[in-house]
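The structure appears right after this line, and notes come after that.
The values are calculated or read from the model by the stated rules, or taken from the named source; none is laboratory data. It should be emphasised that the depicted structure is a prediction, and the values quoted were computed from it without experimental measurement. Methodologically, a virtual Cβ is constructed for each residue, glycine included, from the backbone with ideal geometry; neighbour enumeration extends over all protein chains shown. When the accessible area is computed, the model is the full protein with side chains, heavy atoms only, and any ligands, DNA or RNA have been set aside. Shrake-Rupley method; radii C 1.70, N 1.55, O 1.52, S 1.80 Å.
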Amino acid sequence: MASVIGCLDCHAQTLQTGPHAVAALDHVTYHPFSDFLLHDMGSLGDGITQNRATGGLMRTQPLWGLRTQARMLHDGRATTIRQAILAHDGQGAASREAFQSLGFLDRSALIAFLQSL
């Protein structure tokens with residue numbers, strides 16, 4: 001479901017570390033549900049400019065551990081996963097709109113999955 005509406009475009013499920021002298025860090029596969037890149041999030045941005053990151057650019061938040069978070073997004077404005085998804089703008093707007101177009105059961109299944117992370 002997340003791949004269908006575009007969540008995985010930024011919240012990449014699986015990444016792998018590069019070569020490292022420490023065996024525990026060498027080519028390790030992990031599942032952060034993030035690409036850790038900057039994306040234009042439009043009105044969701046924090047307005048802070050740092051180096052090349054303008055105020056609308058935000059680093060993709062990892063979704064692992066989402067079930068333990070009481071407040072979401074960079075400023076804590078969302079208290080539910082649904083609110084966090086609906087706040088997406090800019091590059092995330094298409095995923096937000098796709099989420100809204102899902103039927104009740106599909107939206108519920110996606111939220112249940114995210115609550116399992």
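Mind listing whichever residues of the stretch 101-116 are open to solvent by 80 Å² or more (accessible area, probe 1.4 Å) and either closer than 18 Å to Leu63 by Cβ or touching a strand residue (DSSP E or B) at 6+ places or on another chain (Cβ under 6 Å) (or both)?
Answer for the stretch 101-116, where residues must be open to solvent by 80 Å² or more (accessible area, probe 1.4 Å) and either closer than 18 Å to Leu63 by Cβ or touching a strand residue (DSSP E or B) at 6+ places or on another chain (Cβ under 6 Å) (or both): Phe113, Gln115.
Working only within the stretch 72-116, note down all residues that are farther than 16 Å from Asp46 by Cα and not in a helix (DSSP H, G or I).
Thr79, Thr80, Leu102, Gly103, Ser116
Just checking, which of Ala84, Ala53, Ala24, Ala98 is open to solvent by less than 30 Å² (accessible area, probe 1.4 Å), farther than 16 Å from Leu117 by Cβ and either basic (Lys, Arg) or modelled with pLDDT of 95 or more (or both)?
Ala98
How many residues does the stretch 1-12 hold that are open to solvent by 80 Å² or more (accessible area, probe 1.4 Å) and either of a type in the set (A, V, I, L, M, F, W, C) or at pLDDT 95 or above (or both)?
Adding up the residues that qualify gives 2.
Name the residue that is farthest from Ala112 (Cα to Cα), counting only residues in the stretch 27-50 that are of a type in the set (Val, Ile, Thr) and surrounded by 10 or more Cβ atoms within 10 Å (Cβ to Cβ). Give the derivation first.
Step one: filter the stretch 27-50 for residues of a type in the set (Val, Ile, Thr), giving 28-29, 48-49.
Still in the running and surrounded by 10 or more Cβ atoms within 10 Å (Cβ to Cβ): 28, 48-49.
Numbers: Val28: 27, Ile48: 33, Thr49: 35 Å.
Filtering first and then ranking leaves Thr49.
For Ser43, work out the one condition from (1) polar (S, T, N, Q); (2) more than 11 Å from the chain's Cα centre (by Cα); (3) assigned to a loop (DSSP other than H, G, I, E, B) it doesn't fulfil.
(3)
Among (1) within 17 Å of Ser116 (Cα to Cα); (2) crowded, with 16+ Cβ neighbours inside 10 Å, which single condition is Arg71 missing?
Result: Arg71 passes all but (2).
Please work out if Leu57 is in contact (Cβ under 8 Å) with a residue 40 or more places away in the chain and at negative phi.
Numbers: in contact (Cβ under 8 Å) with a residue 40 or more places away in the chain: no; at negative phi: yes.
No; evaluated as a whole, the condition is false for this residue.
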